[in-house]
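Just so it is clear, none of the values below were taken in a lab; they were calculated from the coordinates. This is a predicted model, so every value here is computed, not measured. Here the Cβ positions follow ideal geometry from the backbone for every residue, glycine too, while neighbour counts run over all protein chains shown.
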Amino acid sequence: MAPDSKIYVAGHRGLAGSAIVRRLRAKGYSNVVTRTHAELDLVDQRAVREFLGRERPEAVFLAAGKVGGILANNSFPADFIFQNLAIESNVIDAAYRAGVQRLVFLGSSCIYPRDCPQPMKEEYLLTGPLEPTNRPYAIAKIAGLEMCWSYNRQYGTRYFCAMPTNLYGPGDNFGLESSHVLPALIRKFHEARREGKGSVVIWGTGTPRREFLYVDDLADAVVFLTQNYSGAGLINVGVGADVTIRELAERIGKIVGFQGELVFDGTKPDGTPRKLLNVNRLLKLGWRAKTSLDEGLRRTYDWFCANEAQSRR
């Protein structure tokens, strides 16, 4: 991509999309195109085709989609599979029709089997059953990956899927009923400290292990990949290390300043026992994450405190 290349970022108001826009602009890309949901509904096939046919960007970052934690996935499985399938199908096909040769599709580590060998290599995809609590979302993401492969094979495009681990950072969703575990814990501990509560209840046993990637590192990685990755397949993006949910909660409690008790509710689902990505392909290309978990947590908590009113959704 040249500095003046027209680049469309789908989902620019979301956690990943907003970070990608920040990174592109910081790298000197001056022609970044965005549209809000009110301006362009990505579920509307005709609208997406007309938009990309008119704009004809040289590259597309597909970071749009419906996302959420265990509760949201369990409560709205039809919404998760329909909206994600529609968005990725519309954008990928319309990008091809508009002559876009380079497209980055953001997947999710939940596409790997529930009991996948650890750390998870790219070739482990489709080798076992998925985690039931997020299967609709995972199947939609797998379909998007297959679309990229299929268009590459049939039409000679260069679309690839960046498969990030669990993301967090500025702009995250901190809603207790719709967010992922890390932002939900930040909000729980923050409110418990402010209200003087003696304990915080955490879903599950605290034993599952999760890997967390600061979102600005993800943005740096995907921009790096567009410049340095000549392949057209799947590539994992992570830090190569994980922590238990208990360890994560203890770190967040310390950063927030909560000194009460952690109570784990074992009647609630744990989800996948472990999700650690093998990032050797990315390391061999010369990229590694720069932000430690503690530093990322501090930055994220600072952002939450500064934007608490808009974060309570």
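Under 20 Å from a label point set 7 Å out along the Cα-to-Cβ vector of Glu58, the amide N atoms of the stretch 158-179 belong to 158-160.
Multiplying the residue separation of Glu39 and Ala143 by 0.36 nm and subtracting their alpha-carbon distance yields 34.8 nm. Note on the chain: with a GNM built from Cα contacts shorter than 10 Å, the maximum mean-square fluctuation among Leu167, Leu125, Leu42 falls on Leu125. The modelled label-to-label distance between Met1 and Ala241, using points 7 Å beyond Cα along the C-beta direction, is 3.0 nm. Dipole of the chain computed with +1 at Lys/Arg Cβ and -1 at Asp/Glu Cβ about the Cα centre; of Asn31, Phe189, Asn84, farthest Cα towards the positive end is Asn31. The relative contact order of the chain, computed from alpha carbon pairs under 8 Å that lie at least 6 residues apart in sequence, is 20 percent. Reducing the stretch 115-139 and the stretch 56-103 to their Cα centroids gives an inter-centroid distance of 19 Å. Net length available on complete extension from Asn228 to Arg46 is 62.2 nm, with 0.36 nm assigned per residue and the Cα-Cα distance removed. Taking Cα atoms only, the orientation of helix 15-26 departs from the longest principal axis of the chain by about 60 degrees.
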